[in-house]
Amino acid sequence: MKKILITGAAGFLGSHLCDRFINEGFHVIGMDNLITGDLKNIEHLFPLENFEFYHHDVSTFVHVPGELHYILHFASPASPIDYLKIPIQTLKVGSLGTHNLLGLAKAKKARILIASTSEVYGDPLVHPQAESYYGNVNTIGPRGVYDEAKRFQESITMAYHRFHGLETRIVRIFNTYGPRMRLNDGRVIPAFMGQALRGQDLTVFGDGSQTRSFCYVDDQVEGIYRLLFSAYSNPVNIGNPNEISIKDFAEEIIKLTGTKQKIIYEELPIDDPMQRQPDISLAKKLLNWEPKVGREEGMKKTFDYFKGLTEEELYKSEHKDFSKHIKR
Ligand code: UDP
């Protein structure tokens, strides 16, 4: 049985990856320091013999006994609110954490896939974003801690690949959504759905003309799975190219949820990218992959998940307009 280590296992993407690799017959070792992850996302895996969980921070030395064939490094805060609350940890997990895991991969002769992000493109001046675009990132802005950690992560991964001959893969993940997103992480989908469920107005930042392209989690996991087993070591975009403005998206959410509330406008956070859409030509050619789940279907499934949360969870995790704390 092949063994795989998944860091960030209790997080949104990490937990879905644990499910997928368990279903594919792997022995899965989940690791998480639980700063932003939640054990609830993986508690259904605890009774399984081929699942183990280590409560550990990968920014410190990582030890895994015995053989290991694959590593997926998905540990990192991943929302602008989190970067503001825990900037140092965000930098450390992308840099020191990645270094530790590359060292582990080298010692175990394991193949490692690193979760990178569309944030390496910053506020892009090229549209849509292909892997060949070098990006437009503000190193010292509030998102810099994430963006630069991820850019460093790509560099050190390629260095291990070139210098040590390590088998490496890099996925650049564009906005992804689905069940198990954290309700209070401040991201637009949990924010709007939480607001609809609590009977609050939907907060659109800026004039809502900025765009995003949302990928359903099952499509994202399929792309990552195929990339891991491909022979390609340069970065690959995985995302859904179906682009929408945040204002139009808010209107879609109002329709979907049936909320009687309206849209209110708040200040646009600093360095909020104005447009984002993946060019997925490379993934299509290389992995024979493209997203299958449309926004309507995906958002419905996601809303069903949020509707299933308890009242306590819904209110305990209310997102308190953190954007006002963003200093210009
Ligand atoms: N956004 C918004 N209202 C919210 C939360 C986010 O209008 O309550 C906007 C945000 O300014 C950004 C977009 O939605 O333009 C996506 O934000 P998110 O934090 O989900 O992810 P990002 O792609 O910016 O990392």
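Does THR211 satisfy the criteria of being over 20 Å from LEU13 (Cα atoms) and more than 13 Å from the ligand (Cβ to nearest atom)? It is false that THR211 is over 20 Å from LEU13 (Cα atoms) and more than 13 Å from the ligand (Cβ to nearest atom). Quick check on region 240-254. Is at least one of its residues open to solvent by 40 Å² or more (accessible area, probe 1.4 Å), touching a residue at least 60 places away in the same chain (Cβ under 8 Å), under 24 Å from LEU84 (Cβ atoms) and hydrophobic (A, V, I, L, M, F, W, C)? Among the residues of region 240-254, not one is open to solvent by 40 Å² or more (accessible area, probe 1.4 Å), touching a residue at least 60 places away in the same chain (Cβ under 8 Å), under 24 Å from LEU84 (Cβ atoms) and hydrophobic (A, V, I, L, M, F, W, C), which makes the answer no.
Is there a residue in region 197-212 that is under 22 Å from GLY37 (Cβ atoms) and modelled with pLDDT of 95 or more? Checking region 197-212: not a single residue is under 22 Å from GLY37 (Cβ atoms) and modelled with pLDDT of 95 or more. For region 178-193, the set of residues classified as more than 9 Å from the ligand (Cβ to nearest atom), over 17 Å from TYR216 (Cβ atoms) and open to solvent by less than 40 Å² (accessible area, probe 1.4 Å) consists of LEU183 only. Being open to solvent by less than 20 Å² (accessible area, probe 1.4 Å) and closer than 28 Å to GLU154 by Cβ, is that true of even one residue in region 256-268? No, region 256-268 has no match at all.
Within region 157-177, the set of residues being over 13 Å from the mean Cα position of the chain (by Cα), surrounded by 19 or more Cβ atoms within 10 Å (Cβ to Cβ) and assigned to a loop (DSSP other than H, G, I, E, B) comprises just one member, LEU166. Considering LEU104, LEU125, LEU113, LEU96, the condition of being more than 12 Å from the ligand (Cβ to nearest atom), of a type in the set (A, V, I, L, M, F, W, C) and more than 25 Å from ILE4 (Cβ to Cβ) is satisfied by LEU125 alone. Give me the residue from region 262-281 that is of a type in the set (A, V, I, L, M, F, W, C), in contact with a strand residue (DSSP E or B) (Cβ under 9 Å, 6 or more places away or on another chain) and closer than 23 Å to VAL137 by Cα and, out of that set, farthest from the ligand (Cβ to nearest atom). Ranking the qualifying residues of region 262-281, first place goes to ILE280.
Within the bounds of region 166-173, is there any residue that is within 14 Å of the ligand (Cβ to nearest atom) and under 30 Å from ILE263 (Cα atoms)? Within region 166-173, one or more residues are within 14 Å of the ligand (Cβ to nearest atom) and under 30 Å from ILE263 (Cα atoms). State yes or no: is GLY298 touching a residue at least 24 places away in the same chain (Cβ under 8 Å), closer than 27 Å to PHE21 by Cβ and within 13 Å of the ligand (Cβ to nearest atom)? Judged against the criteria, GLY298 is not a match.
The values are calculated or read from the model by the stated rules, or taken from the named source; none is laboratory data. For clarity, every value in this text was computed on a predicted model and none was experimentally measured. Reconstructed Cβ throughout: ideal geometry from the backbone, glycine too, with neighbour counts over all protein chains shown. Ligands, DNA and RNA are stripped out before the accessible areas are found, and what is left, the full protein with its side chains, is counted by its heavy atoms. Shrake-Rupley method; radii C 1.70, N 1.55, O 1.52, S 1.80 Å.
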